Amino acid sequence: MRWRTDPLLVVEHLTMRFGGLVAVNDLSFDVGRGDITALIGPNGAGKTTVFNCITGFYKPTEGRLALAREGRATREDVAALTQSPTRNKRFAEGDLYLLERMPDFEISWKARVARTFQNIRLFQGMTVLENLLVAQHNPLMAASGMTVLGLLGAATYRNAEKAAIDKAKAWLEKIDLMDRADDPAGELPYGAQRRLEIARAMCTDPDPALPRRAGGRSQPERVARPKQSPALHPRRPRHVGPADRA
Amino acid sequence: MAASSADREPFDLAAAVRDAGFSALVTAGLAFPILALRAEQDMSNRLVLQERWSWMLIAAAIVFVGRLAMIAWQARPRAEAPAAPAADKPATALATFLSKVIAPAGLAFLLIFPFVSLYASGAAGSLKWIDNYGIQILIYVMLGWGLNIVVGLAGLLDLGYVAFYAVGAYSYALLSTTFGLSFWICLPLAGILAAFWGVILGFPVLRLRGDYLAIVTLAFGEIIRVVLINWTDFSNGYAGIAGIPRVTFFGVPFVDGEGGFANLFGLEFSPIHRTIFLFYLILALALLTNLVTLKLRRMPIGRAWEALREDEIACRSLGINTTNTKLTAFAIGAGFGGFAGSFFAVRQGFVSPESFTFIESATILAIVVLGGMGSQLGVALAAVIMIGGTELLRELEWTKQIFGPDFDPAQYRMLIFGLAMVVMMIWKPRGIVATRSPSVFLKERKSVSGDLVKEGHG
Ligand SMILES: Nc1ncnc2c1ncn2[C@@H]1O[C@H](COP(=O)(O)OP(=O)(O)OP(=O)(O)O)[C@@H](O)[C@H]1O
Ligand SMILES: [Mg+2]
């Protein structure tokens, strides 16, 4: 029940309209740090749309998405950040981001939100290992001195690349795909592709509070329901775990 | 075409005849204005319409029979159809072996090529081989490699690549004639200027995707050409810029007499020296392009380009700034176009907007597509086939012996060439080298089948 005491993500009045169609209507919920949270609902309820708003692929029509990467987001801090023209700020209590103001790639890179997709989106023509290296683009790019140092064969870059490959290997071990590392991702069976997509998302170094705890006891789940479907009665939680598969 | 569905279904004569009949009908329709009707001037300069129905019917009949044969061939019983993937393996193994051999062998051949042709056909005869074939092909190899970064790796369809070639050529032409700068200073400047224009074009354009990007880049190519034509004060319009300083051997001019290259090295003066030097120069530039591209492919930026081609949305979900990534691809590709352009100017000694028409962009793009998008070796082979092929087709004098002395083979050059391209793309739809070589591997480098590799969408 950390969402009451230590919310990681605070979604308020999220509304997304596509022309006349209201896909998400005034949705508010909190996500607790370290909790496993799932969003469930019938087909077309707007789950994917919510995730697309959180990860910046859609700009919400209305609403506020405040993410506290470290520390806590107090009501006053969120209000202060909303007043200011910037998208993120360090407060005494924590590091706050307003996701609705950020472009999608910065939400991944700066706010450290990782996601997977409802229809798997791997780089099919690249190998499993390459997929995991692309996920580490930003740190590798910095280590390669914006490519210049890398082209000159600097040791810093070579070490960084080795570290990146080691990290990829660690994830390959976890998802049991070590012996397929050099195969194209598109040739993997569906289940393996799904695991690879999760590993790839994890290679972006998402905020440690966001990932599923591998093997850990699952926290009591909090389910947020889009408000436009109050009659919703889930048969079983459909998107548990890294719920951001939408 | 219907190939994939015909693959599995048994041969159905009625359907095949219907299909072939339809193709013949389309051919007849197309041939009607082109072949069946012909306007000719008679003695008194009047246009008379000649009707040549037999030509149209023959064309339709050829297509009918051909299509029927094609369907029959596709429907031929193939017992080992399910085993196809397994049968694929030796083929790819052969391909990787060949690619391991072809590249070094080709390079070795290129290194000795000027001397071989000099030995084989003398100073006068070898000029054609080194200049028309060697240098010309290498320019397109370099342009193909440059565009390969944009189209093949990053998957951005650029139909205006010739604009950067033009920027490079005019950079050298103007800088050298106005400020008297030497080629060796202008060469990097031309590359930088072209890259700069790549970024200028990139900023507004890269939010577009697919067809829209293609159209805008096409327009950009035309704009540059039209500006060069109309801004006479700057570029001297249609007349172009003549008297561009020729290439020197690192400061030693290729002239007859005292202080010239021949004199300095105790050789007898011959214009072939400059041509041979130009050959090695473009070879070096092309190899530089190749080297940089191969290195970049193994860098994070190169991987990001390819990831962008595979799936842009997934890239953004991984925190990759796709705008910057596209811009770098555009700028680096443009930069190599600029290098090639300044080489073009120093080789010709003359530039005019005529040299930078859309057909150039189309040719370079065709080289990249024919070669197999993203493959360095494929692009080089495609340039040899495309440019060498069109040059060879100029020499079709022997056809006169078949079709009579009135036959002008040069007129059919492009037709033959177009047909060859169509056949090529049906035979190898993913290009000459259809596999992708991974940029990194743990245990072994297995090439990725072209069927999995995306072509990009913008
Ligand atoms: N880009 C878009 N443009 C227009 N309408 C959209 C768009 N994306 C989603 N919608 C609409 O918004 C509504 C919610 O769709 P969404 O995909 O979010 O549902 P979902 O809960 O993820 O469904 P499912 O369980 O099938 O995945 C649907 O009516 C859908 O048609
Ligand atoms: Mg969905």
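Derivation of every value follows stated rules applied to the coordinates shown; laboratory data play no part. Being a predicted model, the structure only gives us computed values, none of them experimental. Cβ sites come from the backbone with ideal geometry, for glycine too, and all protein chains shown count toward neighbours.
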Which is farthest toward the positive dipole end of the protein assembly as shown among A:L8, B:V433, B:N132, measuring Cα position about the Cα centre, with Cβ charges +1 (Lys, Arg) and -1 (Asp, Glu)?
A:L8
Cross-link candidates for A:K169: which aspartates and glutamates have Cα within less than 16 Å, leaving aside residues fewer than 8 places away along the same chain?
A:E130, A:E161, A:D179, A:D182, A:D183, A:E197, A:D205, B:E444
How many percent of DSSP beta bridges within the protein assembly as shown run antiparallel, rounded to 5?
90
Using Cβ contacts closer than 10 Å as the measure, can you line up A:K162, A:K169 from fewest to most?
A:K162, A:K169
How many nm is it between the label spots at A:V22 and B:F250, if each spot is 7 Å from the Cα in line with the beta carbon?
7.6
Local electrostatic count, B:L208, Cβ distance below 13 Å [Lys/Arg +1, Asp/Glu -1]
0
For peptide B:447-455, compute the average count of partner chain beta-carbon atoms within 10 Å of each residue's beta-carbon.
5
Between B:R18 and B:D211, the FRET efficiency computed from the C-beta separation at R0 = 30 Å comes out, to the nearest 0.05, as 0.35
Using a Cα-Cα cut-off of under 17 Å, which lysines could be cross-linked to A:K47, ignoring same-chain neighbours fewer than 8 residues away?
A:K59, A:K227
Amide H of B:V453: which non-local residues (sequence gap of 5 or more, or other chain) have their own amide H closer than 5 Å, using H built in the peptide plane?
none
What is the average number of partner chain Cβ atoms found within 10 Å of a Cβ in B:332-338?
0
How charged is the neighbourhood of B:L296? Take every other residue with its Cβ under 12 Å from the Cβ of B:L296, and add Lys/Arg as +1 and Asp/Glu as -1.
+3
So for B:M142, B:M43, fewest C-beta neighbours within 10 Å to most, what's the order?
B:M43, B:M142
Please report the net charge: other residues with Cβ closer than 10 Å to the Cβ of B:R347, K and R +1, D and E -1.
+1
How much FRET efficiency would the formula 1/(1 + (r/R0)^6) give for B:Y238 and B:E395, where r is the Cβ-Cβ distance and R0 is 30 Å, rounded to 0.05?
0.45
Filter the DSSP H helices in chain B by two things, a Kyte-Doolittle mean of at least -0.5 and an axial alpha-carbon span of 24 angstrom or more, and list the hits by number.
B:13-31, B:53-74, B:84-127, B:162-179, B:183-205, B:210-230, B:272-297, B:322-348, B:409-427
Excluding residues on the same chain fewer than 8 positions from A:K167, give the lysines whose Cα lies under 21 Å from its Cα.
A:K110, B:K443
Distance between Cα centroids, region B:316-382 to region B:8-63: provide it in whole Å.
39
Got a sec? How would B:Y119, B:Y412 order by Cβ neighbour count within 10 Å, fewest to most?
B:Y119, B:Y412
Please work out the Cα center distance from region A:38-54 to region A:127-201, rounded to the nearest Å.
30
